[in-house]
Amino acid sequence: MESNKKAVDPLSGKKILLGITGGIAAYKTAGICSRLKKKGSDVFCVLTPNAEKFINPVTLSALSGHRTVTDMFDNHEKVYHVSLPQSCDIILIAPATANTISKIANGICDNFLTTSVVSSSCPVLIAPAMNENMWINPIIQNNIKKLEQYGRYFFSGPGKGKLACGTEGTGRMQEEDIIIEDMENLVVLNNDLKGKKVLVTAGGTRENIDSVRYISNYSSGKMGYEISMEAVFRGAEEVILITTARNSGKIFKGKTILVNNTAEMKDMVLKYFNDADIIIMTAAVSDVVPQKKFEYKLKKKDELFENLKFRENDNILEIISEKKKKDQIIVGFAAESSQNIANAIEKINKRNIDFIVLNDISRNDIGFESDYNEITIIDKDGKIRKVPKAKKRLIAREIIDHILK
Ligand SMILES: Cc1cc2nc3c(=O)[nH]c(=O)nc-3n(C[C@H](O)[C@H](O)[C@H](O)COP(=O)(O)O)c2cc1C
C-alpha cells in the first residue's frame, strides 16, 4: 500500500491535545510528548485528576513547553475546555483507562479531559491500556464499538504481552511508534474534499418476485458506508448514501436514502447525480429482474414455474456514464469471483467512467459482509494498482486518495 506519509512530517506544526489518564502506562506518555515536540508539534498536555497519581504534571509541562492542565477550573477566563480542543488538529489519549473510554462513550464531562473531548470536533485517537479482564469486559467493548461508530474516534491497540498487573494478555498500551504513525495518518485527513458533493450507492438490491419473495445477493453495504463516512470525515460539503442496507446500526452524519430495488436506486441516483462531483457506485445491483412483480404470493407448484421469467435489469452505471459531465468523477465497482482484471478492463472501456475497483467476492475473509476488503484499482488508462487486505475504512481512504490524485 502506498504510504500516506508526505515528505514534510505530517505532525509538524500541528496542535495536539495529549490526554493522559490514570493508568501505569502514563509514564510512557512522557516519551510520546517528547517525540511529538521533536517532530515540530505544539503539544498541550491534559491530565485527569487520577493521572496525577501516576505522572507529575511538571515533567509534561517541561517537555511540552506549555503548562499541563489538571484542573477543570484553572483557566476559566478563556473557557479553556472549549477553546483549547477546538483549536487542536488532533487529540491523543494515551493511556486511556476503561473509565475514561466509558465516560467519553456516554458523553460524561466531569473533568477537563472528558469535557474537552466532548467539545472537540477533530479526530480523537485513543490508546487503551488496562488489565485483560477489563479489556474483554463486554461493557467496555460495547463502549468502544459505540465510539467507533461515530467515525471520529479511532483506537490504536492495545497490544498483547506482559501487563503491569503481572499477568500476560491483551491490554498493553500500543507501542509509541505505532501510535505516532496512526496520528500521522489521521492528521492527513484534512479537508481535502471541502466543497465537494459525494454520492455513494451501497448494498445489494432486492428485486421482488411476488409479495413474499425476492432475488438479491450478499452485499452488506459496508464498503459504501465506510466510503461515505470517510467522505464526511474529509470535509465533503454533502455526502448522500443511497443504500439498501437497513441494519448497519451505525451513525452517519451525511444523508441516507433507503431504497429496496434497482428501480428505486436508479431514481434516487438520477435525482442527485447532476449536483454530485464524485459518484461512487459500490452497490451490487442485480443483473436480472423478474419480468413482473406479483402482488400476491405465487403458488409453489405451477404458478412459480410458469410465471418466474426474468429480463435484463437497468444498468445504473451505464445510464449515468452516458450523462457524465466533464468535471464529474465516476467510480465503478466490480464484484468478481476471481481477480478478473480482463472483465474489469472491458467494463471500463465500455463506459465513460474514471476507474473501477475490483474486489474478489469468492473469498470468505474479504468482500461481501466482511469488515475487510482487498482491491485492485484499474484506471481508464489501464494502470493497475493493488491495495492489500485492510479494514474497509482504510480501503475507503485509499479509494478517496486515488480520486484526489
Ligand atoms: C496502580 C493502579 C494502576 C491502574 N492501572 C490502570 C490501567 O492501566 N488501566 C485502567 O483502565 N485503569 C487502571 N487503574 C484504575 C484507574 O486508575 C481508575 O479506574 C481511575 O478511576 C481512572 O481514572 P481516570 O480515567 O479519570 O484517569 C489503575 C489503578 C491503580 C491503583
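The values are calculated or read from the model by the stated rules, or taken from the named source; none is laboratory data. All values derive from a computational prediction rather than experimental measurement. Note that each Cβ is placed from the backbone with ideal geometry, even for glycine, and that neighbours are counted across all protein chains shown.
Numerical summary
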| read-out | value |
| --- | --- |
| Qualifying residue in the range 198-210 (condition: over 30 Å from Asn274 (Cα atoms), in a helix (DSSP H, G or I) and touching a residue at least 12 places away in the same chain (Cβ under 8 Å)) | no |
| Helices (runs of 4 or more DSSP H) completely within the range 9-111 that count 2 or more residues being of a type in the set (A, V, I, L, M) and within 24 Å of Ile136 (Cβ to Cβ) | 98-105 |
| The range 120-141 - residue that is surrounded by 15 or more Cβ atoms within 10 Å (Cβ to Cβ) and either part of a helix (DSSP H, G or I) or among the aromatic types (Phe, Trp, Tyr) (or both) and, of those, farthest from the ligand (Cβ to nearest atom) | Glu132 |
| Residues of the range 294-313 classified as surrounded by 14 or more Cβ atoms within 10 Å (Cβ to Cβ) and assigned to a loop (DSSP other than H, G, I, E, B), total | 4 |
| From Gly40, Gly31, Gly19, Gly23, residue being on the phi > 0 side of the Ramachandran plot and either at pLDDT 95 or above or not assigned by TED's automatic domain parsing to the domain that holds Thr115 (or both) | Gly40 |
| Selection from the range 13-66 of residues that are among the aromatic types (Phe, Trp, Tyr) and within 16 Å of the ligand (Cβ to nearest atom) | Tyr27, Phe54 |
| Gly157 vs. criteria touching a residue at least 12 places away in the same chain (Cβ under 8 Å), part of a loop (DSSP other than H, G, I, E, B), within 16 Å of the ligand (Cβ to nearest atom) and touching a strand residue (DSSP E or B) at 6+ places or on another chain (Cβ under 9 Å) | yes |
| Failed item in (1) within 23 Å of the chain's Cα centre (by Cα); (2) within 30 Å of Pro290 (Cβ to Cβ), with Lys196 passing the rest | (2) |
| Enumeration of residues in the range 266-303 that are in contact (Cβ under 8 Å) with a residue 40 or more places away in the chain and either farther than 30 Å from Ile356 by Cα or outside the structural domain of Ala236 (by TED's automatic domain parsing) (or both) | Lys293, Phe294, Glu295, Tyr296, Lys297, Leu298 |
| Test set (1) part of a loop (DSSP other than H, G, I, E, B); (2) of a type outside the set (Gly, Ala, Ser); (3) away from the ligand (no atom under 16 Å from the Cβ) - Glu148 fails condition number | (1) |
| Filter result for Asn133 (more than 23 Å from Leu186 (Cβ to Cβ), within 26 Å of the chain's Cα centre (by Cα) and among the polar types (S, T, N, Q)) | no |
| Every pair of residues 6+ apart whose Cβ atoms lie under 6 Å, when the first sits in the range 246-260 and is within 15 Å of Gln149 (Cα to Cα) while the second is modelled with pLDDT of 70 or more and of a type in the set (S, T, N, Q) | Lys250/Gln149; Ile251/Gln149; Gly254/Ser228 |
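Quick grid of which residues meet (1) at pLDDT 90 or above; (2) surrounded by fewer than 14 Cβ atoms within 10 Å (Cβ to Cβ):
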| position | (1), (2) |
| --- | --- |
| Lys326 | yes, yes |
| Ile329 | yes, no |
| Ala334 | no, no |
| Ile345 | no, no |
| Lys350 | no, yes |
| Ile366 | no, no |
| Glu369 | no, yes |
| Ile378 | yes, no |
| Leu404 | yes, yes |
